[in-house]
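J.: Dropping the structure in here first, questions after.
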Amino acid sequence: MIDCSKSVIRPTEITTYCADAGQIIQNIKWSKWNEDEAIGTGVAFTNNCEPTCVAGEIIKNAVNLKLNAPMDTNEGLLFTNLEVSYLEPLENHPMVEEFDLPTDLPG
């Protein structure tokens, strides 16, 4: 997969909000990894942006992860979708979030 601007295999950390690093998932453990999908768990550190993103609080939350939608690209076979399921609700935040992942490296 491509995590913002670098290609990674079995990452232990993923940045889901690349523009401002407003959410980073760390301590990722993969229980399944094959060419069709990857399943794992981790801990999300999410900026709640209240009252602003600069002054926001970082909320810690356990998550389940699923990488899927593999695509053959110039970088090789890459997962193009990340699904993050939060185990505890966050105020004004969905319980499941999907991210379209890049299919090529910048530049």
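The values are calculated or read from the model by the stated rules, or taken from the named source; none is laboratory data. The structure presented is a predicted model; accordingly, all values stated were derived computationally and were not measured. Note: ideal-geometry Cβ built from the backbone for every residue, glycine included; neighbour counts use all protein chains shown. For the accessible areas, the whole protein counts, side chains as well, though only heavy atoms, and no ligand, DNA or RNA atoms are used. Shrake-Rupley method; radii C 1.70, N 1.55, O 1.52, S 1.80 Å.
J.: Before we move on, is S85 polar (S, T, N, Q), closer than 19 Å to D100 by Cβ, part of a strand (DSSP E or B) and out of contact with any Cys (no Cβ under 7 Å at 6 or more places or on another chain)?
T.: yes
J.: If I filter segment 46-61 for residues that are under 14 Å from I14 (Cα atoms) and hydrophobic (A, V, I, L, M, F, W, C), do I get at least one hit?
T.: No, that holds for no residue.
J.: Among the residues of segment 97-107, how many are open to solvent by 80 Å² or more (accessible area, probe 1.4 Å) and under 12 Å from the mean Cα position of the chain (by Cα)?
T.: 2
J.: Keeping to segment 14-41, report how many residues are assigned to a loop (DSSP other than H, G, I, E, B), at pLDDT 95 or above and either open to solvent by less than 50 Å² (accessible area, probe 1.4 Å) or farther than 17 Å from K66 by Cβ (or both).
T.: Number of matching residues: 1.
J.: Looking at segment 58-86, which of the residues that are under 14 Å from the mean Cα position of the chain (by Cα) and β-branched (V, I, T) is farthest from I28 (Cα to Cα)?
T.: Result: T80.
J.: Criterion first (over 14 Å from I9 (Cα atoms), out of contact with any Cys (no Cβ under 6 Å at 6 or more places or on another chain) and not in a strand (DSSP E or B)) does L90 satisfy it?
T.: When the stated conditions are applied, L90 passes them.
J.: Filter segment 76-93 down to the residues that are over 14 Å from Y17 (Cβ atoms) and open to solvent by 40 Å² or more (accessible area, probe 1.4 Å), then identify the one that is modelled with the highest pLDDT.
T.: Once the filter is applied, the top-ranked residue is E83.
J.: Do we have T73 as closer than 19 Å to C18 by Cβ and surrounded by 16 or more Cβ atoms within 10 Å (Cβ to Cβ) here?
T.: no
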